[in-house]
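Enquirer: I am attaching a structure below and will ask some questions about it afterwards.
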Amino acid sequence: MAIVRVTGLDFRYRDMWALRDISFEAQRGEFLGVIGPNGSGKTTLMKVIDGILVPEKGGVIIKGHAISCMKRKDIARLVAVVPQDSAMVFSFKALEIVMMGRAPHLGMLRFEGKSDLRIAHSAMEMTDTASLAARNMETLSGGERQRVLIARALAQDPEVVLLDEPTAFLDIRHQADFFGLMKRLNRERDLTVLAVTHDINLAAAYCDRIVLLKEGRIHALGTPGEVITEANIRNVYETDVLVDANPLNGLPRITLLTANLSGQGSRSKADAAPQL
């Protein structure tokens, strides 16, 4: 059953079109990746789905409700966002950040109660951040901060989680840890996850299906094997790659092809697949 439906979406910044004729569905409990080069519309798409940006045409339906007709607090009860790691304007402790996730469930004059604190602590247990509760956010590592932000999203008790390049500033170990945690929560809590990432190999490893954007339009949509092909990557990213099967799981794996340093123009397989 589709929990997120995007239909005929057009969006522009003044005279520049960022999204054109975007339509797709995300099923309940699906892990859907969104990939594409810089400027292809990935972050704009996440902001439209979250109701932050209003499209020129088309719309977004979450659990049968049009985002355009929903109040901000009602959207936040259904949709949580985990952004890129960023510096905190004020010095908050990790538990205080997680408790912010309870805001959509509080009335105008209601403060957090024991049940809200219990939910926040449960979210921190699930994300292995309980030991960080009393730590200031600026003292945490990038990986620790991202786990706290996941805990805040879980404390919202959402049905949909939007990941907007959340591993952009993390090393490869913390990238794998982050996606592994989100995949586990996706399965255990039946969360629907829409994940923007620049790392095509991570998308192939963790996503059920992938949306490939090019210049604000959907270039391909399907399983990792259907979307991550040499022809698609060459067309969208304008670079040569080798796509083969990961020997551990059979999923597509990308390796960048580079010119031979001798200057003879031959192609050689890179030692390690970069993040595209």
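Enquirer: Any residue that is closer than 21 Å to LEU154 by Cβ and out of contact with any Cys (no Cβ under 7 Å at 6 or more places or on another chain) - is there at least one of those in region 207-229? I'd like the intermediate steps shown before the answer.
Expert: Narrowing region 207-229 to residues closer than 21 Å to LEU154 by Cβ: 207-208.
Retained after the next criterion (residues that are out of contact with any Cys (no Cβ under 7 Å at 6 or more places or on another chain)): 207-208.
Yes, region 207-229 has at least one match.
Enquirer: Report, by residue number, each residue of region 127-167 that is within 26 Å of ILE3 (Cβ to Cβ) and part of a loop (DSSP other than H, G, I, E, B).
Expert: THR127, GLN156, ASP157, PRO158, GLU159, GLU165, PRO166, THR167
Enquirer: How do the pairs read when you match residues in region 49-68 that are within 15 Å of LEU194 (Cα to Cα) and of a type in the set (A, V, I, L, M) with residues anywhere that are open to solvent by 40 Å² or more (accessible area, probe 1.4 Å) and modelled with pLDDT of 95 or more, using Cβ under 7 Å and keeping only pairs 6 or more apart or on different chains?
Expert: ILE61/ARG5
Enquirer: Let me ask something additional. Could you please find all residues in region 133-170 being open to solvent by 30 Å² or more (accessible area, probe 1.4 Å) and hydroxyl-bearing (Ser, Thr, Tyr)?
Expert: THR139, SER141
Enquirer: Would a scan of region 107-119 turn up a residue that is open to solvent by less than 10 Å² (accessible area, probe 1.4 Å) and within 22 Å of the chain's Cα centre (by Cα)? Break it down stepwise before answering.
Expert: Step one: of region 107-119, the residues open to solvent by less than 10 Å² (accessible area, probe 1.4 Å) are 116.
Add one more test, that the residue is within 22 Å of the chain's Cα centre (by Cα), and what stays is none.
Checked region 107-119: no residue is open to solvent by less than 10 Å² (accessible area, probe 1.4 Å) and within 22 Å of the chain's Cα centre (by Cα).
Enquirer: For a quick check of your reading: which helices (runs of 4 or more DSSP H) sit entirely within region 1-101 and have at least 2 residues that are surrounded by fewer than 16 Cβ atoms within 10 Å (Cβ to Cβ) and modelled with pLDDT under 95?
Expert: Numbers: elements: 42-49, 72-78, 94-99.
Ranges flagged: 72-78.
Enquirer: Filter region 239-276 for residues that are acidic (Asp, Glu) and modelled with pLDDT under 95 and give the result. Step through it out loud before you land on a result.
Expert: Going through region 239-276, the residues acidic (Asp, Glu) turn out to be 240, 244, 271.
Within region 239-276, ASP240, ASP271 qualify.
Enquirer: Can you tell me which of (1) of a type outside the set (D, E, K, R); (2) open to solvent by 50 Å² or more (accessible area, probe 1.4 Å); (3) out of contact with any strand residue (DSSP E or B) (no Cβ under 7 Å at 6 or more places or on another chain) is the one THR223 doesn't meet?
Expert: Failed condition: (3).
Enquirer: Might you check whether a residue that is touching a residue at least 12 places away in the same chain (Cβ under 8 Å), among the acidic types (Asp, Glu) and closer than 30 Å to MET137 by Cβ occurs anywhere in region 13-33?
Expert: No, because not a single residue in region 13-33 is touching a residue at least 12 places away in the same chain (Cβ under 8 Å), among the acidic types (Asp, Glu) and closer than 30 Å to MET137 by Cβ.
Enquirer: On to the next question. Pairs please, first residue from region 188-201 and open to solvent by 10 Å² or more (accessible area, probe 1.4 Å), second anywhere and polar (S, T, N, Q) and not in a loop (DSSP other than H, G, I, E, B), Cβ atoms under 9 Å, 6+ apart in sequence or on different chains.
Expert: Short answer, once both residue conditions are applied: ASP199/GLN175.
Enquirer: In this structure, is VAL211 farther than 24 Å from ASP164 by Cβ, open to solvent by less than 50 Å² (accessible area, probe 1.4 Å) and not acidic (Asp, Glu)?
Expert: The answer is no for VAL211.
Enquirer: Among the listed residues ASP199, ASP190, identify the single one that is within 18 Å of ASP164 (Cβ to Cβ) and acidic (Asp, Glu). Show your work before the answer.
Expert: Details: ASP190 fails: within 18 Å of ASP164 (Cβ to Cβ).
Going through ASP199, ASP190 in turn, the sole match is ASP199.
Enquirer: Condition first: touching a Gly at 6+ places or on another chain (Cβ under 7 Å) and assigned to a strand (DSSP E or B). Now tell me which residues in region 212-248 satisfy that.
Expert: To start, the set of residues in region 212-248 that are touching a Gly at 6+ places or on another chain (Cβ under 7 Å) comprises 212-214, 216, 236.
Residues satisfying the conditions are LEU212, LEU213, LYS214.
The values are calculated or read from the model by the stated rules, or taken from the named source; none is laboratory data. This one's a predicted model, so the numbers in the text were calculated from it and none came from an experiment. Positions of Cβ are generated from backbone atoms using ideal geometry, with glycine treated the same way; all protein chains shown enter the neighbour counts. Accessible surface is based on the protein model in full, side chains and every heavy atom, while ligands, DNA and RNA are left aside. Shrake-Rupley method; radii C 1.70, N 1.55, O 1.52, S 1.80 Å.
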